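Here's the structure we're looking at; comments come further down.
Nothing in this text is a laboratory measurement; each read-out follows from the coordinates by a stated rule. This structure is a prediction, so every number in the text was calculated from the model and none was measured. Cβ sites come from the backbone with ideal geometry, for glycine too, and all protein chains shown count toward neighbours.
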Amino acid sequence: MLNDSLPKYFDPRKYAHHESAIEGYLPLNQLKELCAVLASDEGDAFIHLDFRVDEDRRYIATGSLKTVVQVVCQRCMDSVSQELAVDLSLAFVYDEEHAKNIPSDYDPVVMTDGEVILADMVEQEIILALPIVAYHEESGCNPTAVKYASSTDDAPDDEQKPNPFSILANFKPSKS
Ligand SMILES: [Zn+2]
């Protein structure tokens with residue numbers, strides 16, 4: 001299933017002038033910054049992009065990004081699969097200054113020496129698409145982990161127990 005047609009680096013201007021497309025799978029374990037926030041580095045991201053030059057002579061790519069990542073459930077702290085499907089509308093620019101002039105329907109991607117590192121770009125898009133907090137579906141949590149996580153709420157409070165210091169306070173020192 002894996003194909004090696006994805007370039008590591010690409011020049012979006014060449015792709016746009018030729019109206020080329022790129023498509024393929026990128027292993028998630030190549031995306032270190034992303035994997036640091038995931039519960040597992042297993043899986044692939046599928047990416048498809050069609051390049052063109054638009055009427056304002058911008059270098060554009062539209063397409064999609066699909067992946068399934070393992071994130072941490074905030075209820076039981078176990079891993080939960082999260083399917084991500086992102087529509088991409090990218091505009092490639094020379095620097096941050098140009099990025100400000102891009103219409104809001106495009107995500108600016110800043111080129112470095114006229115090139116883009118595909119993995120970095122895909123990584124940023126996935127990080128942006130991640131949910132801020134994730135949970136299992138209702139009752140889908142790991143039961144042992146949930147019991148453990150909520151055990152502090154069920155712990156008996158010790159307000160009923162006499163405070164040992166108040167007892168001690170009743171003993172008056174005896175002079176000898
Ligand atoms: Zn859970």
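In percent, how large is the relative contact order of the range 9-142, given Cα pairs closer than 8 Å and 6 or more residues apart?
This gives 24 percent for the range 9-142.
How much net charge surrounds residue 29 when only other residues with a Cβ under 10 Å from its Cβ are counted (Lys, Arg +1; Asp, Glu -1)?
So the surrounding residues net to -2.
Which residues among the range 42-72 fall inside the zone where the amide N is under 11 Å from a point 7 Å beyond the Cα of residue 98, along Cα→Cβ?
The answer is 58-60.
In whole angstrom, how far apart do the alpha carbon centroids of the range 71-94 and the range 116-145 sit?
4
Among 58-71, 26-39, what's the highest-first ranking by average C-beta atoms within 10 angstrom per residue?
Output ranking for 58-71, 26-39: 58-71, 26-39.
Rounded, prolate or oblate, given the Cα gyration tensor of the range 30-105, with a/c below 1.5 counting as rounded?
Judged from the Cα gyration tensor, the range 30-105 comes out prolate (a/c at least 1.5, a/b above b/c).
Viscosity 0.890 mPa s, temperature 25 °C: give me the Stokes-Einstein translational D for the range 9-142 in µm²/s, with Rh taken as the Kirkwood radius over C-alpha pairs.
Once the numbers are plugged in, D ends up at 154 µm²/s.
Once you put a point 7 Å from the Cα of residue 54 and another 7 Å from the Cα of residue 8, both along the Cβ direction, what distance in nm separates them?
3.2
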